[in-house]
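All remarks here apply to the structure that follows.
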């Protein structure tokens, strides 16, 4: 029997794009069966209705609704806990990353060559990111590498793919955008090697719905420093 791939889609006020993202995921020729768990993080636009309509059209989609906005981290933790896949992947709901790239990121795990794969927007050289986003990401990635002895190029990437047992064993607590460094720190501190593969992206502006803000970068940096001095967890995850 082929392993199941669980795709977690955190969603907050993405009425305009969530339908297209789910349709693209359903149209991708994955080499394994998939389940899509879309977690609505207390949206107050038409996201709930769009998700329910999509779930009614396809048995592969499960819509989970959080009654209040708790943040991307809370949505991801909810999705991880609901997942059943031997592999877990994350897909944002904003169309900045094309789901057609996911099979290439899943392949090394399916082939047994990796346990965790990150899709790096800075290895391929064709991603279009605003200067401030690029600088902020570079700073946080450099800090991660400095504190944890890593060699990452894109710590903040949405595309984090890993074995399901690793994803469900991460012991995450972050509720908001600091979930990205928390996932990375927990992986690095457990001794799991992260394989990076290039992906392309096209960033949107705040006017178009971009939600991450400069203060989220400060929270991420604080988490990176704070976790560096916690006792190291036992390996393996």
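The values are calculated or read from the model by the stated rules, or taken from the named source; none is laboratory data. None of these values were measured; they are calculated from a predicted model. Note that we place each Cβ from the backbone using ideal geometry, even for glycine, and neighbour counts take in every protein chain shown.
Quick notes
- Residue 113 meets the conditions (1) within 29 Å of residue 20 (Cβ to Cβ); (2) surrounded by fewer than 23 Cβ atoms within 10 Å (Cβ to Cβ) in every case but one. The failed one is (1).
- Within the stretch 65-94, the set of residues being surrounded by fewer than 19 Cβ atoms within 10 Å (Cβ to Cβ) and in a strand (DSSP E or B) comprises 65, 66.
- If you check 184, 157 for being in contact with a strand residue (DSSP E or B) (Cβ under 9 Å, 6 or more places away or on another chain) and part of a helix (DSSP H, G or I), only one passes: 184.
- Taking the listed residues 60, 4, 97, the one that is in contact with a strand residue (DSSP E or B) (Cβ under 8 Å, 6 or more places away or on another chain) and crowded, with 17+ Cβ neighbours inside 10 Å is 97, with no other qualifying.
- Number of residues in the stretch 7-24 that are crowded, with 23+ Cβ neighbours inside 10 Å and in a helix (DSSP H, G or I) equals 3.
- Residue 152 in contact with a helix residue (DSSP H, G or I) (Cβ under 6 Å, 6 or more places away or on another chain), surrounded by fewer than 22 Cβ atoms within 10 Å (Cβ to Cβ), part of a loop (DSSP other than H, G, I, E, B) and in contact (Cβ under 8 Å) with a residue 12 or more places away in the chain: yes
- Output for the stretch 160-181, where each listed residue is in a helix (DSSP H, G or I) and within 13 Å of the chain's Cα centre (by Cα): 167, 179, 180, 181
- Residues of the stretch 107-138 that are modelled with pLDDT under 85 and part of a strand (DSSP E or B): 128 alone.
- Taking residues in the stretch 166-178 that are without any contact (Cβ under 8 Å) to a residue 60 or more places away in the chain, and partners anywhere that are surrounded by fewer than 20 Cβ atoms within 10 Å (Cβ to Cβ) and in a loop (DSSP other than H, G, I, E, B), not one pair has Cβ atoms closer than 6 Å while being at least 6 places apart or on different chains.
- Output for the stretch 29-57, where each listed residue is part of a loop (DSSP other than H, G, I, E, B) and crowded, with 16+ Cβ neighbours inside 10 Å: 30, 42, 43
- Residue count for the stretch 10-28 under the criterion of being out of contact with any helix residue (DSSP H, G or I) (no Cβ under 7 Å at 6 or more places or on another chain) and under 19 Å from residue 86 (Cα atoms): the result is 1.
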